[in-house]
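Chemist: What follows is a structure written as structure tokens; I'll ask about it next.
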Amino acid sequence: MGSNATSSPTIESLLSVDQCRVFCNDAQGLPLGVKSKDESGSVRSDGVYSNLTRLAAKLESSASTSSGNSSSNTSDAALITIETDAIIVLVKEYSGYTVGIQLPRAV
């Protein structure tokens, strides 16, 4: 998500909102890119989201194994929603990359 990358109109409209961030991490939780209106978004905790997606995948695989459904597909990774009084964070894994959107609660 460097300066040469082009963003979609949807991403640009999201980023026009104060306190909105879009981030992407690799499989180890290291940040590949962060985009926000003020470009000063902290990436210190973004690795935690990668760990959450891995834990959710483990929960899903153990649930499907116990129900007799052993077909596990990475495209069916869980969408994780984290809500606080101030923000909402949506996180999902795509082919080993963790992608998240953080929005202020007022949006």
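A short reminder: the numbers here are calculations on the coordinates, not readings from a lab. These figures come from a predicted structure and were not determined experimentally. Every residue, glycine among them, receives a Cβ derived from its backbone with ideal geometry; neighbour counts consider all protein chains shown.
Chemist: With labels modelled as points extended 7 Å from the Cα through the Cβ direction, what inter-label distance (nm, one decimal) is found for residue 86 paired with residue 28?
Modeler: In this crude label model, residue 86 to residue 28 measures out at 3.0 nm.
Chemist: A follow-up question, please. When ranked by the protection proxy of mean other Cβ atoms within 10 Å per residue, highest first, what sequence do the peptides 95-103, 51-59 form?
Modeler: Values: 95-103: 17.1, 51-59: 15.1.
Peptide ranking by packing, descending: 95-103, 51-59.
Chemist: A further question follows. Quick one: 3J(HN,Hα) in Hz for the range 55-61, Karplus 6.51/-1.76/1.60 with θ = phi - 60°, rounded, Gly and Pro as x.
Modeler: These are the phi-based 3J(HN,Hα) values: 5, 5, 5, 5, 4, 5, 5 Hz.
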